[in-house]
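Step one of this worksheet: look at the structure below.
The values are calculated or read from the model by the stated rules, or taken from the named source; none is laboratory data. All of these numbers come straight from a predicted model, not from anything done at the bench. All Cβ positions, glycine included, derive from the backbone under ideal geometry; neighbour counts span all protein chains shown.
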Amino acid sequence: MTSQISKKGLEDFRRRQFAGPNVVCGSSDEILNNTATTTGPTKGLPDARRVIIHFDVDAFYAQVEEVRDHSLRHKPLGITQKYLVVTCNYLAREAGVTKLMAISEAKKKCPHLILVSGEDLTPYREASKLIYGALKIYGPAEKLGMDEVYVDVTREVQMRIDRGAMDNCWHGHVHCARNGVTSDNIHRPMDLRASAADPAVSQTGGAGAVETGCRLRLQVGTAIAREARAALARCPGFRSSAGVAHNKLLAKLVGGLHKPDDQTCLPADEASAFIAPLPVRAMAGVGYKTERQLQDAQITTVDQLRCLPLDQLSKLLGARVAQFLSEAARGRDARPVEEKGPPQSISVEDSFKACSCFSKVETVLRVLAPDLLRRLVQDKEEFGRRATTLRVTWRHQGAKRASCSSPMPQEVALQGMAVAHKVQAERPHAAGLPEMCSVDLRAVPLISSRGAHR
DNA sequence: TCAGGAGATAG
DNA sequence: CTATCTC
Ligand SMILES: Nc1ccn([C@H]2C[C@H](O)[C@@H](COP(=O)(O)OP(=O)(O)OP(=O)(O)O)O2)c(=O)n1
């Protein structure tokens, strides 16, 4: 009910500043005290010894289009899918356009907004590969979606320290929790921004005291992040933001604080005060449902989460989520950076004005099926894999999605139609019944066929 | 979740 | 298969 981070008014403005580190409980140095160890590439190292960088390309689709067509640069640009501006460049954002805004609204905010269709994701997938390739040279890398990459640079950091290849400089911003953070879009509390910096406490890089131990490791991490972002800007040609911290959770949380085209480091002793005032929804993993459940228990911020005993949290959210959140609320996150390899499924989907006539569904399937098959052929050429199962998912207006699977058929479109007919036959034919408004074809799992590669 | 489109993972 | 979450 109350205390939505999305409410209006003064009280909310204050809350939206997430600034006051009025930590209710928990010490301020959980991370340094943490003795948990991780598995994977840096297995055996205490959490605080890792150096993790989270990279996020700014306004990804928009930058891809700007690189493809230089005439789009220096103009407000929106990328569309159906009637949505799915993302836009930062010139458009200055004019008030936001991610996932309706085209009509975006045009009102910014009449000169240039629109480019982003319905074909192929160029973005290609760009994504280049980005990943450029970043993975710094250490084990994990791709999240198309434009984000975690890199565990612990070894690279250690190597530089061993060689004495340090410059004793902090690169980019070093976050100070006293400066607080906000969210520029009230509907997106996960997109954090640093509040106006207090010059007395803010730090924007440069040299200072000679650092040692964990601080030195992070400092070297900021040099690596700067180099990597410079490389990205030169070769594939994308500006990006980055977060440098001791684990994935914190690196991602601070990574966007000085977006666009800048980086932020979070020293271990700032972590607790930094996350305490954040809304729980800011943490990746806390979505719509979890936020609501926590709200029902009067929990909206991370420090409130800290105060709830684990067993009570488990009853609310289940043991797994509770365990993760309990750690996360204290700034701890032992999840390793994992190299995932190629995707395990390929899907194509289209939505349309609700329609029960089969001709529409058939028309859509006759486009989707060849699209899917093309991508499967490409995947086979690239990775020597094939799919065993076809899953058809559909949605009726106002209803939840439903799906059914079958062995991968010869004729994908025909299988889709068969499913559509079966679904229709099983529905009562009452007038005014909601009609189908989206279909999705998914090939899964993608497994190596014998004699592949090589 | 008001939308579009893709992918992962838990139960 | 469904629910939830992510970008
Ligand atoms: N619900 C979503 C979220 C993201 N994307 C796509 C469009 C984005 O360009 C890309 C990356 O998502 P981000 O959330 O990182 O957003 P941007 O990179 O566009 O902008 P920002 O500079 O805020 O990171 O993924 C999408 O299609 N649908």
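Does A:PHE358 count as surrounded by fewer than 15 Cβ atoms within 10 Å (Cβ to Cβ), in contact (Cβ under 8 Å) with a residue 60 or more places away in the chain and away from DNA strand C (no atom under 16 Å from the Cβ)? It is true that A:PHE358 is surrounded by fewer than 15 Cβ atoms within 10 Å (Cβ to Cβ), in contact (Cβ under 8 Å) with a residue 60 or more places away in the chain and away from DNA strand C (no atom under 16 Å from the Cβ).
Evaluate the stretch A:180-201: report whether one residue or more is over 26 Å from the mean Cα position of the chain (by Cα) and touching a residue at least 24 places away in the same chain (Cβ under 8 Å).
Let us first name the residues in the stretch A:180-201 that are over 26 Å from the mean Cα position of the chain (by Cα), namely A:198-201.
Keeping just the survivors that are touching a residue at least 24 places away in the same chain (Cβ under 8 Å) gives A:201.
Among the residues of the stretch A:180-201, at least one is over 26 Å from the mean Cα position of the chain (by Cα) and touching a residue at least 24 places away in the same chain (Cβ under 8 Å), which makes the answer yes.
Can we say A:THR98 is under 23 Å from the mean Cα position of the chain (by Cα), part of a loop (DSSP other than H, G, I, E, B), surrounded by 15 or more Cβ atoms within 10 Å (Cβ to Cβ) and in contact (Cβ under 8 Å) with a residue 12 or more places away in the chain?
Details: under 23 Å from the mean Cα position of the chain (by Cα): yes; part of a loop (DSSP other than H, G, I, E, B): yes; surrounded by 15 or more Cβ atoms within 10 Å (Cβ to Cβ): yes; in contact (Cβ under 8 Å) with a residue 12 or more places away in the chain: yes.
It is true that A:THR98 is under 23 Å from the mean Cα position of the chain (by Cα), part of a loop (DSSP other than H, G, I, E, B), surrounded by 15 or more Cβ atoms within 10 Å (Cβ to Cβ) and in contact (Cβ under 8 Å) with a residue 12 or more places away in the chain.
Screening the stretch A:335-355 for residues that are under 25 Å from A:GLY133 (Cα atoms) and of a type in the set (Gly, Ala, Ser) and picking the one that is farthest from DNA strand C (Cβ to nearest atom) gives A:GLY341. Please work out which residue is surrounded by the most Cβ atoms within 10 Å (Cβ to Cβ), limiting yourself to the stretch A:61-95 and to residues that are farther than 29 Å from A:PHE352 by Cα and among the hydroxyl-bearing types (Ser, Thr, Tyr). Top of the filtered list is A:TYR90. Apart from one condition, A:ILE114 fits all of (1) closer than 30 Å to A:LEU216 by Cα; (2) more than 15 Å from DNA strand C (Cβ to nearest atom); (3) in contact with a Lys or Arg (Cβ under 9 Å, 6 or more places away or on another chain); (4) of a type in the set (Val, Ile, Thr); the exception is (1). If you go through the stretch A:266-279 and keep only what is touching a Phe, Trp or Tyr at 6+ places or on another chain (Cβ under 7 Å) and away from DNA strand C (no atom under 16 Å from the Cβ), you end up with A:LEU266, A:PRO277. Tell me, please, whether a residue that is of a type in the set (A, V, I, L, M, F, W, C), part of a helix (DSSP H, G or I) and over 16 Å from A:LEU253 (Cα atoms) can be found in the stretch A:135-148. Looking for residues that are of a type in the set (A, V, I, L, M, F, W, C), part of a helix (DSSP H, G or I) and over 16 Å from A:LEU253 (Cα atoms), one finds at least one in the stretch A:135-148, hence yes.
Candidates are the residues of the stretch A:376-419 that are assigned to a helix (DSSP H, G or I) and surrounded by fewer than 12 Cβ atoms within 10 Å (Cβ to Cβ); the one that is nearest to the ligand (Cβ to nearest atom) is A:GLU382. Considering only residues in the stretch A:278-291 that are near DNA strand B (Cβ under 9 Å from one of its atoms) and part of a helix (DSSP H, G or I), the one that is nearest to the chain's Cα centre (by Cα) turns out to be A:TYR288. Does at least one position in the stretch A:152-161 carry a residue that is over 16 Å from A:ALA223 (Cα atoms), modelled with pLDDT of 95 or more and surrounded by fewer than 16 Cβ atoms within 10 Å (Cβ to Cβ)? No; the residues of the stretch A:152-161 include none that is over 16 Å from A:ALA223 (Cα atoms), modelled with pLDDT of 95 or more and surrounded by fewer than 16 Cβ atoms within 10 Å (Cβ to Cβ). Filter the stretch A:200-240 for residues that are assigned to a strand (DSSP E or B) and either buried (at least 24 other Cβ atoms within 10 Å of the Cβ) or of a type in the set (Lys, Arg) (or both) and give the result. The one that is assigned to a strand (DSSP E or B) and either buried (at least 24 other Cβ atoms within 10 Å of the Cβ) or of a type in the set (Lys, Arg) (or both): A:SER240. Residue selection: A:LEU72 fails the criterion of being among the aliphatic types (A, V, I, L, M) and modelled with pLDDT under 95.
Every test in (1) more than 15 Å from DNA strand C (Cβ to nearest atom); (2) under 14 Å from A:VAL51 (Cβ atoms); (3) of a type outside the set (Ser, Thr, Tyr) is passed by A:ALA251 save one, and that test is (1). For the residues A:ASP333, A:ASP261, the requirement of being closer than 30 Å to A:GLU126 by Cα, among the charged types (D, E, K, R) and not in a helix (DSSP H, G or I) singles out A:ASP261.
Name the pairs whose Cβ atoms lie under 8 Å apart, with the first residue in the stretch A:330-349 and closer than 24 Å to A:ARG320 by Cβ and touching a residue at least 24 places away in the same chain (Cβ under 8 Å), the second within 16 Å of the ligand (Cβ to nearest atom) and not basic (Lys, Arg), and 6 or more positions between them or separate chains? Hits for this filter: A:VAL337/A:GLU142; A:VAL337/A:TYR150; A:GLU338/A:GLU142; A:GLU339/A:GLU142; A:LYS340/A:GLU142. Is one or more of the residues making up the stretch A:384-398 of a type in the set (D, E, K, R), more than 13 Å from DNA strand B (Cβ to nearest atom) and in contact (Cβ under 8 Å) with a residue 40 or more places away in the chain? Yes: one or more hits.
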